[in-house]
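Asker: This is the structure I have questions about; it appears just below.
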Amino acid sequence: MRDFNEDYTVFQKALKIEDPWYVIDYELNQNDQILDVYLDFKRGATFACPNCGASHAKVHDI
């Protein structure tokens, strides 16, 4: 049996998380019945600018 803690593809498939995003970790709080899924994106990925909509914008802090 595969180690569920190391294989995050089940989350990526279930939540339809697409490249360049990927799951880096998760936390399951059974008492409160809360599942937190943590995402990151591949280095060098580009996105649409949230202000002007231009494609292929690099990620940076303002």
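The values are calculated or read from the model by the stated rules, or taken from the named source; none is laboratory data. This structure is a prediction, so every number in the text was calculated from the model and none was measured. Positions of Cβ are generated from backbone atoms using ideal geometry, with glycine treated the same way; all protein chains shown enter the neighbour counts. What goes into the accessible areas is simple: the full protein's heavy atoms, side chains included, and nothing from ligands, DNA or RNA. Shrake-Rupley method; radii C 1.70, N 1.55, O 1.52, S 1.80 Å.
Asker: So how many residues does segment 29-62 have that are among the basic types (Lys, Arg) and either in a loop (DSSP other than H, G, I, E, B) or under 26 Å from Lys13 (Cβ atoms) (or both)?
Answerer: So the answer is 2.
Asker: Only residues that are loosely packed, with under 10 Cβ neighbours inside 10 Å and more than 17 Å from the chain's Cα centre (by Cα): list them for segment 35-53, please.
Answerer: Listed by number, the residues that qualify are Pro50, Asn51, Cys52, Gly53.
Asker: For segment 16-28, what are the residues that are in a strand (DSSP E or B), open to solvent by 60 Å² or more (accessible area, probe 1.4 Å) and not hydrophobic (A, V, I, L, M, F, W, C)?
Answerer: Across segment 16-28, the qualifying residues are Tyr22, Asp25, Glu27.
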